[in-house]
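Report on the structure given below.
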Amino acid sequence: MHKWKAFMMAALIALLTTSCLKNSDNNFNQALQNRLDDQALQTYLAFHGILANRDTILLLGGDTTYLYYVIDSVGSGDTVRLQDTITVHFWGRFLNDSTFAKADTTTLTTVLQNTIPAWQIGVQKITAGGGIEIYAPSVLCYGYYGLPPIIPSNTPLIYSIQLLDVKHAH
């Protein structure tokens with residue numbers, strides 16, 4: 001038991017130290033990254049002939065970014081709030097169209113506010129039974145840190161989401 005506690009303490013210290021080092025990267029420019037992501041998303045949408053809606057998202061610190069989306073079907077069921085539990089089928093892709101995550105034969109059930117900001121914004125645009133394609137900048141996905149080893153840092157992503165069910169929080 002004592003070795004386990006020592007291991008956990010060492011892991012925590014390593015995590016905090018690594019986080020502090022990454023946060024002290026003064027060379028990272030979020031506004032520039034937002035512009036690069038937007039250019040990449042616009043290029044992807046134009047190349048594929050996708051006419052997407054665009055929402056302007058105001059970020060902390062005053063920067064803005066854009067979330068692109070196409071509603072495949074609005075649905076006819078319950079609306080979604082952040083605190084609600086959702087059940088979905090989804091596919092996650094990079095801009096080169098390779099898949100990094102897929103739940104099309106199984107379902108994912110989670111509280112919406114526990115998901116990435118792109119999902120929190122996009123899923124609330126449809127109701128149960130609906131579907132949406134989300135074209136999201138990195139800042140609304142996994143941002144500067146990414147989700148190693150699956151998602152590199154500063155990576156815009158595409159999500160196809162089918163909202164199967166909504167359970168309202170009480």
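Of all the numbered requirements in (1) touching an Asp or Glu at 6+ places or on another chain (Cβ under 6 Å); (2) surrounded by fewer than 15 Cβ atoms within 10 Å (Cβ to Cβ), Val70 misses one, and that requirement is (2). When Leu60, Leu36, Leu51 are checked against the criterion of being under 19 Å from Ser153 (Cβ atoms) and surrounded by fewer than 10 Cβ atoms within 10 Å (Cβ to Cβ), a single residue qualifies: Leu60. Residue pairs whose Cβ atoms lie under 8 Å apart, separated by 6 or more positions or on different chains, with the first residue in the stretch 122-133 and of a type in the set (Asp, Glu) and the second assigned to a loop (DSSP other than H, G, I, E, B) and surrounded by 17 or more Cβ atoms within 10 Å (Cβ to Cβ), are Glu133/Ala52. The residues of the stretch 26-85 that are in contact with a Pro (Cβ under 7 Å, 6 or more places away or on another chain) and more than 21 Å from Val123 (Cβ to Cβ), listed by number, are Asn34, Asp38, Ala40. When the residues of the stretch 92-115 are filtered to those that are open to solvent by less than 50 Å² (accessible area, probe 1.4 Å) and part of a strand (DSSP E or B), the one that is nearest to Arg81 (Cα to Cα) is Val111. Taking the listed residues Ile151, Ile132, the one that is of a type outside the set (Phe, Trp, Tyr), open to solvent by less than 20 Å² (accessible area, probe 1.4 Å) and more than 24 Å from Phe28 (Cα to Cα) is Ile132, with no other qualifying.
When residues in the stretch 43-78 are screened for being touching a residue at least 24 places away in the same chain (Cβ under 8 Å), out of contact with any Ser or Thr (no Cβ under 6 Å at 6 or more places or on another chain) and of a type in the set (S, T, N, Q), 3 of them pass. Within the stretch 116-129, the set of residues being open to solvent by less than 40 Å² (accessible area, probe 1.4 Å) and within 10 Å of the chain's Cα centre (by Cα) comprises Ile116, Ala118, Trp119, Gly122.
If you go through the stretch 59-79 one residue at a time, how many are outside any strand (DSSP E or B) and of a type in the set (Asp, Glu)? Looking only at that region, the number is 2.
The values are calculated or read from the model by the stated rules, or taken from the named source; none is laboratory data. As the structure is a computational prediction, the values presented were derived from the model and not from experiment. A quick note on method: Cβ atoms are made from the backbone with ideal geometry, for glycine too, and the neighbour counts reach across all protein chains shown. Heavy atoms of the whole protein, side chains included, go into the accessibility calculation; ligands, DNA and RNA do not. Shrake-Rupley method; radii C 1.70, N 1.55, O 1.52, S 1.80 Å.
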